[in-house]
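**Student:** This is the structure I have questions about; it appears just below.
The values are calculated or read from the model by the stated rules, or taken from the named source; none is laboratory data. All of these numbers come straight from a predicted model, not from anything done at the bench. For neighbour counting, all protein chains shown are included, and Cβ atoms are generated from backbone atoms with ideal geometry for every residue, glycine included.
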């Protein structure tokens, strides 16, 4: 690597959900996820001309699939914890994205250099989230099954429209392992896939060993932490809408072109951005803007190219000095 | 990375089976695999003082577990192909090894720099292995289930002692993606985990896209290819015996201290090394010695430290000039 010139293109961190590969109404077959990965990769390859890319994907649907698979086979194969399910999802999603990106980068006449890293993220064993699990995950159960699992496995459940659903802790990311590796690979000009699903949740035991825990980590918060640690230039959160809206889903819905952290916090306090969906994205964006003084762009994959040229998207911008 | 001095320690590629984490008689729970990973990591951390390490692990037991999980849940979740199962196993094994290695390297007073890469390995769609699947994988089925799966899914089966078992193609690795990344990370002094399970098998379509295929790749052959491509210095194949034996398992068993490729081929021709176990290791070792002119060491994890000092282990050495 010392022989290569240093790559000076700005580093764009792109965070997107695991549902980018599992569109609504799809069964989530491997072929469907591969086809979606090709679409996302084509958009990202276009972006890769002028940017070095750091990709942080979510894993909601995939970790749900793994959990169902692991539980279905529990009489034949010891079931996995959520850390191992998260690790498995990093392998599968990393594979689909890397395969698609290599093809699309080459088709775009670019160097098809892609690295998918298995990423561990440390959380604090004393994080209050462990006392108060809130993140729904996996299948819907009838009540008697939920009661049984609560008794036998100590799982917590919430009642949702379609049945009872397991809830798991979502502690804050404290430390991402492998930041230097990510930095070195970006410097070498690779498209880097890291921090998938927010990272595999581990706690650090007093003797220094790292152990997986039954939790999930919000990928946007991990992306925000990775952005700061790597010193990236541009933070993009891809979602299913081209722009964030005020009064989303009502007659009065109004797209937001730009807002400062203060304005965003005021809208959050009004309950404009629901906790399970747009809330964590705005929260992550605000943290990044406040800590880095840089803008954050929230938009959809389809609107990304235009938004980068200033047409469309929602920008969270630093407070005017 | 340009700021760091170049690491001059020799690069040792260590290949070991997925069963290194699932000892015989174990159920293969996550806790058991974690405990075994800690043991392997302690041995490797010791080696890391004087070597840069490139680790290529197998995934036989883990990919079998994933396949059973995937098939058990097939009415709820679309089942995965073998490429995705291989990818999932890279995630899970990479996680367990990286977590253990970081702790053990730190305990040894070394820089805990570890990178686990998701690795794609290209195979040739015209490889004759696709016409003649030979590698047994996954659970044992009663005959009526095997017949049903053969009809519905087109799977091939062999009769083994405990029942019918699916056999899948094991094509030769043609190209490993990410070799430059592996090289750059080794140069930066990281312990690198790559090529797990021989790599995720992909074929290259005429339009340049990479697509996973239902196959498994021998990890020792992938390790041999990676050894040459990376230009590593020392090739070690860890197995469950300290030394390769002639007439293994008989009264006349004799440990082999060293042999040349010619001697190894003669013994292979005698049927000394069974195809499913020691055979591919000897085959990979012979290829490496012939292509690189370097020695290959075959030994067990427990005997490794001694073998590196010349006490124990079996060395495949170049023919005397």
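**Student:** Go through the stretch A:294-317 and give me each residue that's touching a residue at least 12 places away in the same chain (Cβ under 8 Å), out of contact with any helix residue (DSSP H, G or I) (no Cβ under 6 Å at 6 or more places or on another chain), more than 18 Å from residue A:41 (Cα to Cα) and not in a strand (DSSP E or B).
**Tutor:** A:294, A:295, A:317
**Student:** Suppose the filter is surrounded by fewer than 19 Cβ atoms within 10 Å (Cβ to Cβ) and in contact with a strand residue (DSSP E or B) (Cβ under 6 Å, 6 or more places away or on another chain); does residue B:220 pass it?
**Tutor:** no
**Student:** So for the stretch B:122-134 (the condition being within 8 Å of another protein chain (Cβ to nearest Cβ), crowded, with 19+ Cβ neighbours inside 10 Å and in contact with a helix residue (DSSP H, G or I) (Cβ under 9 Å, 6 or more places away or on another chain)), does at least one residue qualify?
**Tutor:** The answer is no; no qualifying residue exists.
**Student:** Let me spell it out: the conditions are (1) touching a residue at least 24 places away in the same chain (Cβ under 8 Å); (2) touching a strand residue (DSSP E or B) at 6+ places or on another chain (Cβ under 9 Å); (3) under 21 Å from residue A:23 (Cβ atoms), and residue A:282 meets all of them except one. Which number is the exception?
**Tutor:** Here residue A:282 clears every test but (3).
**Student:** Tell me, which residue of the stretch B:135-174 that is closer than 30 Å to residue B:234 by Cβ and in contact with a helix residue (DSSP H, G or I) (Cβ under 8 Å, 6 or more places away or on another chain) is surrounded by the fewest Cβ atoms within 10 Å (Cβ to Cβ)?
**Tutor:** Across the stretch B:135-174, the extreme among qualifying residues is B:172.
**Student:** Would you confirm whether or not the stretch B:221-230 contains a residue that is in contact with a helix residue (DSSP H, G or I) (Cβ under 7 Å, 6 or more places away or on another chain) and free of Cβ contacts under 8 Å to residues at least 60 places away in the same chain?
**Tutor:** Yes, that holds for at least one residue.
**Student:** Let me ask something additional. Is one or more of the residues making up the stretch A:136-145 closer than 22 Å to residue B:105 by Cβ and either modelled with pLDDT under 95 or within 10 Å of another protein chain (Cβ to nearest Cβ) (or both)? Give the steps one after another, and end with the answer.
**Tutor:** Of all residues in the stretch A:136-145, those closer than 22 Å to residue B:105 by Cβ come to none.
Taking every residue of the stretch A:136-145 in turn, none turns out to be closer than 22 Å to residue B:105 by Cβ and either modelled with pLDDT under 95 or within 10 Å of another protein chain (Cβ to nearest Cβ) (or both).
**Student:** Tell me which of these residue B:68 doesn't satisfy, since it passes every other one: (1) under 20 Å from residue B:16 (Cβ atoms); (2) facing chain A (nearest Cβ under 8 Å); (3) part of a helix (DSSP H, G or I); (4) touching a residue at least 24 places away in the same chain (Cβ under 8 Å).
**Tutor:** Answer for residue B:68: the failing condition is (1).
**Student:** Let me ask something else. Hey, could you check the stretch A:20-54 for residues that are within 23 Å of residue A:282 (Cα to Cα) and without any contact (Cβ under 8 Å) to a residue 60 or more places away in the chain and say which is farthest from the other protein chains (Cβ to nearest Cβ)?
**Tutor:** It comes out as A:24.
**Student:** Same structure, new question: Can you tell me which residue within the stretch A:179-188, out of those that are facing another protein chain (nearest Cβ under 8 Å) and in contact with a strand residue (DSSP E or B) (Cβ under 8 Å, 6 or more places away or on another chain), is farthest from residue A:156 (Cα to Cα)?
**Tutor:** A:185
**Student:** Continuing with the same structure: Go through the stretch A:121-233 and tell me which helices (runs of 4 or more DSSP H), entirely inside it, have 1 or more residues that are within 22 Å of the chain's Cα centre (by Cα) and under 30 Å from residue B:42 (Cα atoms).
**Tutor:** A:179-187, A:219-230
**Student:** Residue B:299 - would you say it is surrounded by 14 or more Cβ atoms within 10 Å (Cβ to Cβ) and closer than 17 Å to residue B:56 by Cβ?
**Tutor:** Judged against the criteria, residue B:299 is a match.
**Student:** Right, next: For the structure I just gave you, tell me whether residue B:191 is within 14 Å of chain A (Cβ to nearest Cβ), in contact (Cβ under 8 Å) with a residue 24 or more places away in the chain and surrounded by fewer than 24 Cβ atoms within 10 Å (Cβ to Cβ).
**Tutor:** no
**Student:** Being closer than 19 Å to residue A:66 by Cβ, within 7 Å of chain A (Cβ to nearest Cβ) and buried (at least 23 other Cβ atoms within 10 Å of the Cβ): is that true of residue B:76 here?
**Tutor:** In short, no.
**Student:** In the list B:280, B:321, which residue meets the criterion of being at pLDDT below 90 and surrounded by 14 or more Cβ atoms within 10 Å (Cβ to Cβ)?
**Tutor:** Selected residue: B:280, the only one of B:280, B:321 that is at pLDDT below 90 and surrounded by 14 or more Cβ atoms within 10 Å (Cβ to Cβ).
**Student:** Continuing with this model, one more query. Tell me yes or no: at least one residue of the stretch B:75-87 is at pLDDT below 95 and farther than 29 Å from residue A:195 by Cβ.
**Tutor:** Within the stretch B:75-87, one or more residues are at pLDDT below 95 and farther than 29 Å from residue A:195 by Cβ.
**Student:** Okay, moving on. For the stretch B:88-118, which positions are without any contact (Cβ under 8 Å) to a residue 40 or more places away in the chain, more than 13 Å from residue B:52 (Cα to Cα) and more than 7 Å from chain A (Cβ to nearest Cβ)?
**Tutor:** Scanning the stretch B:88-118 gives a single hit, B:109.
**Student:** Tell me which of these residue A:63 doesn't satisfy, since it passes every other one: (1) surrounded by fewer than 21 Cβ atoms within 10 Å (Cβ to Cβ); (2) touching a residue at least 60 places away in the same chain (Cβ under 8 Å); (3) more than 10 Å from chain B (Cβ to nearest Cβ).
**Tutor:** Failing condition for residue A:63: (1).
**Student:** When the stretch A:194-210 is examined, which residues are found to be touching a helix residue (DSSP H, G or I) at 6+ places or on another chain (Cβ under 7 Å) and either within 11 Å of another protein chain (Cβ to nearest Cβ) or surrounded by fewer than 23 Cβ atoms within 10 Å (Cβ to Cβ) (or both)? Give the derivation first.
**Tutor:** Here is the first cut: in the stretch A:194-210, the residues touching a helix residue (DSSP H, G or I) at 6+ places or on another chain (Cβ under 7 Å) are A:194-202, A:208-210.
Passing the criteria: A:194, A:196, A:197, A:199, A:200, A:201, A:202, A:208, A:209, A:210.
**Student:** Let me ask something additional. Return yes or no: is residue A:111 assigned to a loop (DSSP other than H, G, I, E, B), out of contact with any strand residue (DSSP E or B) (no Cβ under 7 Å at 6 or more places or on another chain), at pLDDT 95 or above and within 24 Å of residue A:227 (Cα to Cα)?
**Tutor:** Details: assigned to a loop (DSSP other than H, G, I, E, B): yes; out of contact with any strand residue (DSSP E or B) (no Cβ under 7 Å at 6 or more places or on another chain): yes; at pLDDT 95 or above: no; within 24 Å of residue A:227 (Cα to Cα): yes.
Against the criterion (assigned to a loop (DSSP other than H, G, I, E, B), out of contact with any strand residue (DSSP E or B) (no Cβ under 7 Å at 6 or more places or on another chain), at pLDDT 95 or above and within 24 Å of residue A:227 (Cα to Cα)), residue A:111 does not qualify.
**Student:** Answer yes if at least one residue in the stretch B:147-170 is within 13 Å of chain A (Cβ to nearest Cβ) and over 30 Å from residue A:181 (Cβ atoms), and no otherwise. Before you say what the answer is, go through the steps one by one.
**Tutor:** So in the stretch B:147-170, the residues within 13 Å of chain A (Cβ to nearest Cβ) come out as none.
There is no residue in the stretch B:147-170 that is within 13 Å of chain A (Cβ to nearest Cβ) and over 30 Å from residue A:181 (Cβ atoms).
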